[in-house]
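As C-alpha cells, the structure follows; a few thoughts come after it.
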Amino acid sequence: MGLTGMALAIDAGNSKTDVALVATDGSILATARGGGFRPPAVGVERAVDVLAPLVASVLAEAGVVGVAGAVGTVGGAGPDGAAGGAGPAGAAKAAGPVGAAERAESLAAAGGAGLVAVAGGAGPVGTAGRAVPVGTAGAVGTVGPAEAAGVVGPVDRLSAFLANADLPIEEARLTAEIARRGWAGTVTVRNDTFALLRAGLPDDGERAGVAVVCGAGINCVGVGRDGATARFPSIGKISGDWGGGAHLADEALWCAARAEDGRGAPTELARALPAHFGLTTMRELIEALHLHEIPGHRRHELPPVLFAVATAGDRLARTLVTRQAEEIALLARVALDRLGLLDEPTPVILGGGVLTARHPLLHNHLTQLLTQHAPQALPHVVTAPPVLGAALDTLDRAGAGPGAYERVRGAWG
C-alpha cells in the first residue's frame, strides 16, 4: 500500500478538470473542479498550474498534510505556491459526499488512507451534495520518488489521464512537470482516452478492450489480453483524424456557406445554422464568427443542429453523420485488428458527447458497421464522466476489495 495508502488520480479534459479524493474503501471524500487542460496552447508548466489549486483544495477539505507540512497546502517545487501556498485561487469546489466526522471515520477505516482523484471530462462532479469519484490507469511515463526530486508528497502515487497527452514525449514532459510539484511519490501519466476504457471494462475480469471517444475531438485506444496497447497520434488532420464535435461544426459551416453562395449543393444547414444564433443568412453568421461577435467556443452548439437537420432527411447533413459513424467504426476495427482481437468477443467502449447523445442516425449506422466489419465487437456506451475510470484505476493500484469498486461506481449512479 505504500507509506500513506493515498493516491491522486487525474483525468483532465480540454474544457474542465475535476478532482476527487477517494478512500481505499471507495468512499468519496472531497471534490473540486477547475478549467481546461491545454498544454499545446499554454505550455506544460501553465497547464499543470490548473491542477495545483484543485489538488490543494481536496487535500485541505480532507485535512491531509500537504507538501510544505501544513494542512491543505500544496506548492513546494511548483510555481503556484513556492512557500507551500495553495496555488492560484479559483478552484471551483464541488460539494463533498461526506461530512467531517464521516470523513474521519472513513479515513480511519482505511488506515488513514484515501485516494485523491483529479479528473476532467464530461459530466457533473457532484449532485445534491454528492461528490463524483475519480481514478487512473496507465503505465506510460512513470517516475518514482527519486525522480520526483526526492520529494515524497502527501500521497503515495498519482495517476493522471490527460487530454493532449497524445505522444510519448508529451507524456514524459507532463510526468516530469507533475512529479516536480511534489504531490506524490510516484507519478504516472496517460492519455485521457484510457480513462474511458477503464470505466467501461469489468472490475473483476479481463481488462482487454478498445475505447473510442468522440467528443470535441476523436481518439481511440486499446489494450490487448497480453497488455499490449493500440494507439493513434490523434493530433488532428496531419495524423489522419476526421470527426469529433469541433470538426463536424466546421464541416457543417463549410457545406452551408457553399450552399448559400452557389458553390455547393443545397442544404437546410444554410438556414438552420444561422437561425440557431438568431440570424437569417450564412453571410451574417460568417461575419459574426469572424469578428468574434459570436465567441468561437459557441461552435460546439452546432453539432446538435447538424444532427437535427440530418434526422429530418437533409442529404448533406446525413452524409456528414454517416461519415462520422464510419470513422468511429474504422478506428475500433483497426485497433481490434492490431491487438489480435478482431475475431474474439471484445468490449468496444464508446464515449464523449457526440456518442453519448445517442443520435439514432449515428448510433444505428455505427452499430450496423461494427456488426459488418467487427462482428465480435461488443459495443457499450459509457455515459459516466471519465473521472470514474480514473477512480477505478486508482483502486486497481491500491489493491482495493470488491466493495470499493461498487461504492465508486455507485457514486456516479
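The values are calculated or read from the model by the stated rules, or taken from the named source; none is laboratory data. Quantities reported herein were computed from a predicted structural model and do not represent experimental measurements. Note that we place each Cβ from the backbone using ideal geometry, even for glycine, and neighbour counts take in every protein chain shown. Just the protein is used for accessible areas: all its heavy atoms, side chains included, with ligands, DNA and RNA removed. Shrake-Rupley method; radii C 1.70, N 1.55, O 1.52, S 1.80 Å.
For PRO347, the criteria (1) in contact with a strand residue (DSSP E or B) (Cβ under 8 Å, 6 or more places away or on another chain); (2) farther than 18 Å from VAL223 by Cβ; (3) open to solvent by 20 Å² or more (accessible area, probe 1.4 Å); (4) not hydrophobic (A, V, I, L, M, F, W, C) hold in every case but one, which is (2). Selection of region 206-260 for residues being hydroxyl-bearing (Ser, Thr, Tyr) and open to solvent by less than 40 Å² (accessible area, probe 1.4 Å) yields SER234, SER239. Number of residues in region 224-258 that are assigned to a helix (DSSP H, G or I) and of a type outside the set (A, V, I, L, M) equals 9.
Residues of region 155-171 that are touching a strand residue (DSSP E or B) at 6+ places or on another chain (Cβ under 8 Å) and farther than 20 Å from PRO53 by Cβ: ASP156, ARG157, ALA165, ASP166, GLU171. Considering region 348-371, and only residues there that are among the small types (Gly, Ala, Ser) and not in a helix (DSSP H, G or I), the residue that is farthest from ALA195 (Cα to Cα) turns out to be ALA357. Considering ARG407, ARG323, ARG358, the condition of being surrounded by fewer than 23 Cβ atoms within 10 Å (Cβ to Cβ) and farther than 25 Å from ALA246 by Cα is satisfied by ARG407 alone.
Restricting the first member to region 294-317 and to residues that are without any contact (Cβ under 8 Å) to a residue 12 or more places away in the chain, and the second to residues that are surrounded by fewer than 19 Cβ atoms within 10 Å (Cβ to Cβ) and in a helix (DSSP H, G or I), the beta-carbon pairs closer than 8 Å and six or more apart or on different chains are GLY296/LEU289. The helices (runs of 4 or more DSSP H) found wholly in region 25-65 and carrying at least 2 residues that are open to solvent by less than 10 Å² (accessible area, probe 1.4 Å) occupy 44-49, 51-62.
Across region 289-315, the number of residues qualifying as under 23 Å from HIS363 (Cβ atoms), among the hydrophobic types (A, V, I, L, M, F, W, C) and part of a loop (DSSP other than H, G, I, E, B) comes to 1. Tell me yes or no: at least one residue of region 248-263 is closer than 29 Å to LEU197 by Cα and either touching a strand residue (DSSP E or B) at 6+ places or on another chain (Cβ under 7 Å) or at pLDDT below 95 (or both). Checked against the condition, which is being closer than 29 Å to LEU197 by Cα and either touching a strand residue (DSSP E or B) at 6+ places or on another chain (Cβ under 7 Å) or at pLDDT below 95 (or both), region 248-263 yields no hits at all. In region 375-398, is there at least one residue being buried (at least 22 other Cβ atoms within 10 Å of the Cβ), of a type outside the set (Ser, Thr, Tyr) and at pLDDT 95 or above? Taking every residue of region 375-398 in turn, at least one turns out to be buried (at least 22 other Cβ atoms within 10 Å of the Cβ), of a type outside the set (Ser, Thr, Tyr) and at pLDDT 95 or above. Considering only residues that are under 18 Å from ARG157 (Cα atoms), at pLDDT 90 or above and part of a loop (DSSP other than H, G, I, E, B), which ones fall in region 169-217? Matches in region 169-217: ARG181, ASP192. Would you please name the residue that is surrounded by the fewest Cβ atoms within 10 Å (Cβ to Cβ), looking only at residues in region 261-286 that are touching a Leu at 6+ places or on another chain (Cβ under 9 Å), part of a helix (DSSP H, G or I) and not hydrophobic (A, V, I, L, M, F, W, C)? The extreme case among them is HIS276. Contact annotation: residue pairs with Cβ atoms under 8 Å, 6 or more positions apart or on different chains, pairing a residue in region 227-253 that is over 13 Å from GLU327 (Cα atoms) and of a type in the set (D, E, K, R) with a partner that is open to solvent by 40 Å² or more (accessible area, probe 1.4 Å) and part of a helix (DSSP H, G or I), are ASP250/ARG299. Only one entry of THR371, THR367 meets the criterion of being over 16 Å from ALA160 (Cβ atoms) and free of Cβ contacts under 8 Å to residues at least 12 places away in the same chain, and that entry is THR371.
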